[in-house]
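Working notes, structure below.
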Amino acid sequence: MNKKTNILVFPCGAESALEIHLALKDVMNIRLVGASGRVDHGRMIYKNYYGNFPNIKDENFLSALNQLIEREEIDLILPTHDSVLVHLAKNQDQIKTKVAVPGLWQAEVCRSKKKLYKLFSSYSFNPKVYEKIQDVTSFPIYAKLDEGQGSKGAFIVEDQKTLESIEDPENYVLMELLPGEEFTIDCFTNRHGEVLFMGPRKRQRVFDGIAVQATSVPLTPEIKEIGEIVSKELKIRGSWYFQLKRDVNGELKFLEASVKIAGSGNLYRGLGVNFPLLMIYDYLGFDVKVIPNDYKIEVDRALFSRYTVDLEYDTLYVDFDDTITKDGKVNPNVIMFLYHQKNKGRTLKLITKHRYDLDQTLEDLSISKNLFDQVIHIDMEDEKYKYITEREKVIFIDNAFEERRKVKDELGIPVFDVDALGTLIDWKE
C-alpha cells in the first residue's frame, strides 16, 4: 500500500476502539477516522472525529454512513460493537466500502451465547446449558445475558428462589458455574481460513466486564485444538477472540467468541502482534505473516485522563533544572511534551538560572540546543519575569513555586508546574 489507507473506526469511543487507535496511529500508511453515536472519549484521540453520528437504528444511518465514506474516502470499516457488527453485516450490500466482518451469520452467532452454545453442543468443551428453568436441579449455577458484553449483567444463582426471581429468563443463558481460571485467547485467521496466531492470556482482574490485568500464558495443545475448531466452525476471518474457563474438575469450557478486536489485545501487541493492522491487510487482500516475540508479558490498565483546555498560546517559557531535568537526568515526560509543542509550531524559550556551563550540561544530557528558539541564561539573583517579553498567548513552566508566583503576580500569564503539563497535550491523531 503506497497511498494512505483510510480506516473508519465505529464506534470510536469503545475500549477496543481505543486499542485500535493506539495500534494504528503511528502506521505510516494508515489514516484513522472515528465516528460515534454520542460524544465520547473518541473525540480526545481521533483527529478526524464525527460525534453524535446517527444511531444504527435511525432511518438515515446508512445514508449518513455512505456520505461519510465518500467524504473521507474510507477503504475499510472496523466495527467495535457486536450490535454494530450485525447491522453492518446485514447491510453490507448497501454500504459503499468494505466492512471487516466475516459475514452476517458469524456476527449473529457471536452476538448470541445461546446460538454459540448450540453450535458447539456436540463438543466436550461446551459447558452444560439449561434450556428451561425447570431443568435446573442443583445449585449454584450461572446466569448471563444472551446478548451482552463481557460479564455485564451476569450473576451466580445460589438457590431456587433466586432462579425464579429472574424477570426475563428468556434473555438469559442458564449454565453450569465455572469457578476456575479464565482465559481469553486472541487470534488471527486469514482469508484462506488459516489460523496464523493464537495468544492466550489469563484474566487476573476484571472491571466492569473488561480485563484490566492480564498475563500471557503458553498456548497448550488443548487450547490450540479448541481454537482451531472454533475458527473452522464459525468460518472466521480476521482478528477475533474466544474465552475459556475451568470447571469444577479443572477442565476447560467454552464461554464465548467474538469476531471483533479485543480491547485487551494490546497485551500481544506488546509482543509484536498488531491485530488491527493484520485485519486491515487481510481485508484489503494482502497475505500476512505473524512473527511474535517469545517472552512473558503482563498488562495492567487503569483510567487515563485526557483534557481539553480553553487556552490559546503560541509561546512557552520553560525552566531547566528540575523541570526539564529530574534527579540530574532528562525528564522524558517533559521532553515528550516539548517535542509535542514543537510539532504544533509553537515557540520554545528556555529560561534558566543553571549554575554550570549550560551548553556542556545540554550536551551531557544529549539535549539539542536547537530544540529551543531562544535560550535565556540569567544569574541566580535575577528575576525570570523580566525576560518574558510577550503578554498574550504565552505560558510559563517552572517547578519552583516562587518563580511561578512572581511571574503570575508581575505578568498575569498562565503558569504551570511539571505535573500539569499533561493537560496541555493534544492526543488527537
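Would you confirm, using the coordinates I've provided, whether GLN341 is polar (S, T, N, Q) and under 33 Å from the mean Cα position of the chain (by Cα)?
Here the answer is yes, as GLN341 does meet what is asked.
In the stretch 37-49, how many residues are of a type outside the set (A, V, I, L, M, F, W, C) and closer than 25 Å to TYR281 by Cβ? Residues flagged as of a type outside the set (A, V, I, L, M, F, W, C) and closer than 25 Å to TYR281 by Cβ within the stretch 37-49 amount to 5.
THR423 satisfies every condition listed in (1) of a type outside the set (Asp, Glu); (2) under 29 Å from LEU24 (Cα atoms); (3) surrounded by 17 or more Cβ atoms within 10 Å (Cβ to Cβ) except (3). Summed over the stretch 217-258, the residues that are among the hydroxyl-bearing types (Ser, Thr, Tyr), open to solvent by less than 10 Å² (accessible area, probe 1.4 Å) and either outside any strand (DSSP E or B) or over 28 Å from PHE286 (Cα atoms) (or both) give a count of 1.
For the stretch 309-321, which residues satisfy the criterion of being over 33 Å from the mean Cα position of the chain (by Cα) and under 18 Å from GLY422 (Cβ atoms)? Steps first, please.
If we filter the stretch 309-321 for residues that are over 33 Å from the mean Cα position of the chain (by Cα), which is where we start, we get 317, 319-321.
Within the stretch 309-321, just ASP319 meets the criteria.
Residue count for the stretch 121-160 under the criterion of being aliphatic (A, V, I, L, M), part of a strand (DSSP E or B) and either surrounded by 13 or more Cβ atoms within 10 Å (Cβ to Cβ) or in contact with a Lys or Arg (Cβ under 8 Å, 6 or more places away or on another chain) (or both): the result is 5.
In the stretch 284-309, the residues that are more than 30 Å from HIS192 (Cβ to Cβ) and open to solvent by less than 70 Å² (accessible area, probe 1.4 Å) form Cβ pairs under 7 Å with partners that are of a type in the set (Val, Ile, Thr) and assigned to a strand (DSSP E or B), at six or more places apart or across chains, as follows: ARG301/VAL212.
When LYS118, LYS98 are screened for being surrounded by fewer than 19 Cβ atoms within 10 Å (Cβ to Cβ), of a type in the set (Lys, Arg) and touching a residue at least 60 places away in the same chain (Cβ under 8 Å), only LYS98 passes. Tell me yes or no: at least one residue of the stretch 22-36 is of a type outside the set (Ser, Thr, Tyr) and over 18 Å from the mean Cα position of the chain (by Cα). Checked the stretch 22-36: at least one residue is of a type outside the set (Ser, Thr, Tyr) and over 18 Å from the mean Cα position of the chain (by Cα). Please work out which residue is surrounded by the most Cβ atoms within 10 Å (Cβ to Cβ), limiting yourself to the stretch 161-187 and to residues that are out of contact with any Asp or Glu (no Cβ under 8 Å at 6 or more places or on another chain) and in a loop (DSSP other than H, G, I, E, B). Residue satisfying both the conditions and the ranking: LEU177. Would you check if GLN134 is among the polar types (S, T, N, Q) and over 22 Å from LYS118 (Cβ atoms)? The answer is no for GLN134. Would you say LEU22 is touching a residue at least 12 places away in the same chain (Cβ under 8 Å), under 20 Å from LEU278 (Cβ atoms), in a helix (DSSP H, G or I) and open to solvent by 10 Å² or more (accessible area, probe 1.4 Å)? Criteria met by LEU22. Checking GLU194, GLU222 one by one, the residue that is among the acidic types (Asp, Glu) and touching a strand residue (DSSP E or B) at 6+ places or on another chain (Cβ under 9 Å) is GLU222 and no other.
Based on what the data block shows, is ARG205 open to solvent by less than 70 Å² (accessible area, probe 1.4 Å), among the basic types (Lys, Arg) and not in a loop (DSSP other than H, G, I, E, B)? Answer is no for this residue. Here ASN29 does not qualify as on the phi < 0 side of the Ramachandran plot, open to solvent by 30 Å² or more (accessible area, probe 1.4 Å) and of a type outside the set (Val, Ile, Thr). For the stretch 371-380, indicate whether the set of residues that are of a type outside the set (Val, Ile, Thr) and surrounded by fewer than 10 Cβ atoms within 10 Å (Cβ to Cβ) is non-empty. Yes, that holds for at least one residue.
It is to be established whether one or more residues within the stretch 264-282 are among the hydroxyl-bearing types (Ser, Thr, Tyr), exposed (fewer than 12 other Cβ atoms within 10 Å of the Cβ) and modelled with pLDDT under 95. The answer is no, given that none of the residues of the stretch 264-282 is among the hydroxyl-bearing types (Ser, Thr, Tyr), exposed (fewer than 12 other Cβ atoms within 10 Å of the Cβ) and modelled with pLDDT under 95. Within the stretch 245-262, can one find any residue that is in contact (Cβ under 8 Å) with a residue 60 or more places away in the chain, out of contact with any strand residue (DSSP E or B) (no Cβ under 9 Å at 6 or more places or on another chain) and among the aromatic types (Phe, Trp, Tyr)? Within the stretch 245-262 (the criterion being in contact (Cβ under 8 Å) with a residue 60 or more places away in the chain, out of contact with any strand residue (DSSP E or B) (no Cβ under 9 Å at 6 or more places or on another chain) and among the aromatic types (Phe, Trp, Tyr)), the answer is no, since none of the residues qualifies. When we screen ARG38, ARG43 for residues that are in a helix (DSSP H, G or I), surrounded by fewer than 23 Cβ atoms within 10 Å (Cβ to Cβ), out of contact with any helix residue (DSSP H, G or I) (no Cβ under 7 Å at 6 or more places or on another chain) and not hydroxyl-bearing (Ser, Thr, Tyr), the only hit is ARG43.
The sole residue among LEU219, LEU252 that is in contact with a Pro (Cβ under 7 Å, 6 or more places away or on another chain) and over 21 Å from LEU78 (Cβ atoms) is LEU219. Looking across the stretch 275-323 at every residue that is out of contact with any Leu (no Cβ under 7 Å at 6 or more places or on another chain), among the polar types (S, T, N, Q) and assigned to a loop (DSSP other than H, G, I, E, B), the one that is farthest from TYR385 (Cα to Cα) is identified as SER305.
Is there a residue in the stretch 191-202 that is open to solvent by less than 30 Å² (accessible area, probe 1.4 Å), among the charged types (D, E, K, R) and assigned to a strand (DSSP E or B)? Among the residues of the stretch 191-202, at least one is open to solvent by less than 30 Å² (accessible area, probe 1.4 Å), among the charged types (D, E, K, R) and assigned to a strand (DSSP E or B), which makes the answer yes.
The values are calculated or read from the model by the stated rules, or taken from the named source; none is laboratory data. Since the model is a prediction, treat every value here as computed from it, not as a measurement. In this analysis, Cβ positions are derived from the backbone assuming ideal geometry, glycine residues included, and neighbour counts consider all displayed protein chains. Surface areas here come from the heavy atoms of the whole protein model, side chains and all, with no ligands, DNA or RNA. Shrake-Rupley method; radii C 1.70, N 1.55, O 1.52, S 1.80 Å.
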